[in-house]
Amino acid sequence: MIEKERRVPEIIMQLHALLRRIPEMVHGREKAASELNKPKAGFIGEQKLDYYLDFLDEKKYRIFHGLRLSNRKQFFHMDTLLLTKRLAMILKVKNWNGTFILEPNFHQLIRIHNEKEEAFHDPISKAEHQSRQLKKRLAANGFPDIPIEFDVFISSPSTIKKSPSKQTSSKVLHAHRLLSKLTSIEKSYSIERLNEKQIKKLAIHY
């Protein structure tokens with residue numbers, strides 16, 4: 001069951017509105033259009049993952065999209081959160097093209113696309129940080145014992161992932177592996193931590 005729908009991010013709507021106001025040849029329009037590309041690509045990637053989420057049992061999974069939560073003064077964002085009676089799972093989505101190389105020793109990701117090499121923050125570390133923040137949030141609401149899993153999903157099947165050690169991380173998968181990964185994870189958690197009433201209570205908070 002989808003508890004929170006995926007919506008077009010506000011930044012995308014703002015940049016679209018800005019572009020409509022800027023004439024074609026005016027200085028600054030190209031920069032605004034460039035700034036729109038990143039969040040737009042990210043949102044498209046999230047929509048691609050939704051295809052696989054549609055196969056989940058609605059009675060078993062609570063799905064929350066685009067969550068922005070706080071722990072007092074600190075805010076954290078999750079692309080998608082799955083909640084079941086046994087565990088919670090954070091899905092971080094990346095819409096990358098080309099080839100990316102995970103550098104675990106430096107917690108860095110290098111992307112190679114159109115003969116251009118770029119460095120990014122390690123998405124696994126970001127998802128791990130989100131899991132720690134979610135753990136604090138759940139504990140603050142009286143649910144300290146809920147296991148939290150997290151994975152990074154690549155929405156484009158043509159994206160190539162590599163690792164210097166020749167061992168690609170099991171935490172980074174293509175989107176079509178989502179259902180298989182969930183099946184594997186569920187085998188590790190046989191104890192129900194939440195009942196239906198508690199899940200509904202949590203859903204209200206999110």
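The values are calculated or read from the model by the stated rules, or taken from the named source; none is laboratory data. Source: prediction; values computed, not measured. Neighbour counts are summed over all protein chains in view; Cβ atoms, including those assigned to glycine, are modelled from backbone coordinates with ideal geometry. Ligands, DNA and RNA are excluded from the accessible area calculation, which covers all protein heavy atoms including side chains. Shrake-Rupley method; radii C 1.70, N 1.55, O 1.52, S 1.80 Å.
Okay, here's what the table says:
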read-out	value
Cα-based Rg / Dmax (Å) for segment 106-206	17.1, 53
Alpha-carbon centroid distance for the pair segment 124-163 / segment 54-115, whole angstrom	6 Å
Distant-in-sequence amide H partners of Leu67 (H built 1.01 Å from N, under 5 Å)	Met78
Among the listed pairs Lys40/Lys187; Lys59/Lys171; Lys60/Lys162; Lys73/Lys161; Lys4/Lys38; Lys38/Lys181, those beyond 32 Å (Cα-Cα)	Lys40/Lys187; Lys60/Lys162; Lys73/Lys161
List Lys201, Lys73, Lys135, ordered by accessible area with a 1.4 Å probe, largest first	Lys73, Lys201, Lys135
Sum of -39500 (n - 2.57) over DSSP H runs of 4+, divided by residues of the chain (222 nm, nearest 500)	-11500 deg cm²/dmol
Heavy atoms of His121: accessible area, 1.4 Å probe, square angstrom to 10	140 Å²
Scattering curve values for segment 54-159, log₁₀ I(q)/I(0), Debye with Cα scatterers, q = 0.20 Å⁻¹	-1.08
Cβ charges +1 (Lys, Arg) and -1 (Asp, Glu), total dipole of the chain, debye	560 debye
Average Cα contact separation per residue, segment 41-122, under 8 Å, 6 or more apart, as relative contact order %	20 percent
Whole-Å semi-axes of the ellipsoid equivalent to segment 1-107 (Cα gyration tensor, √5λ, descending)	31, 18, 15
Relative contact order of the chain, pairs being alpha-carbon contacts under 8 Å that are 6 or more residues apart, as %	21 percent
Mean Cβ neighbour count within 10 Å, used as a protection proxy, ranking 124-134, 29-39 highest first	124-134, 29-39
Evaluated at q = 0.27 Å⁻¹: base-10 log I(q)/I(0), Debye formula over Cα of segment 118-171	-1.15
Three principal axis lengths of the chain [C-alpha, angstrom, descending]	59, 44, 34
Percent of C-alpha pairs per 10 Å bin, segment 67-115, short to long	19, 30, 35, 14, 1
For Ile22, solvent-accessible area (1.4 Å; no DNA, RNA or ligand), Å²	30 Å²
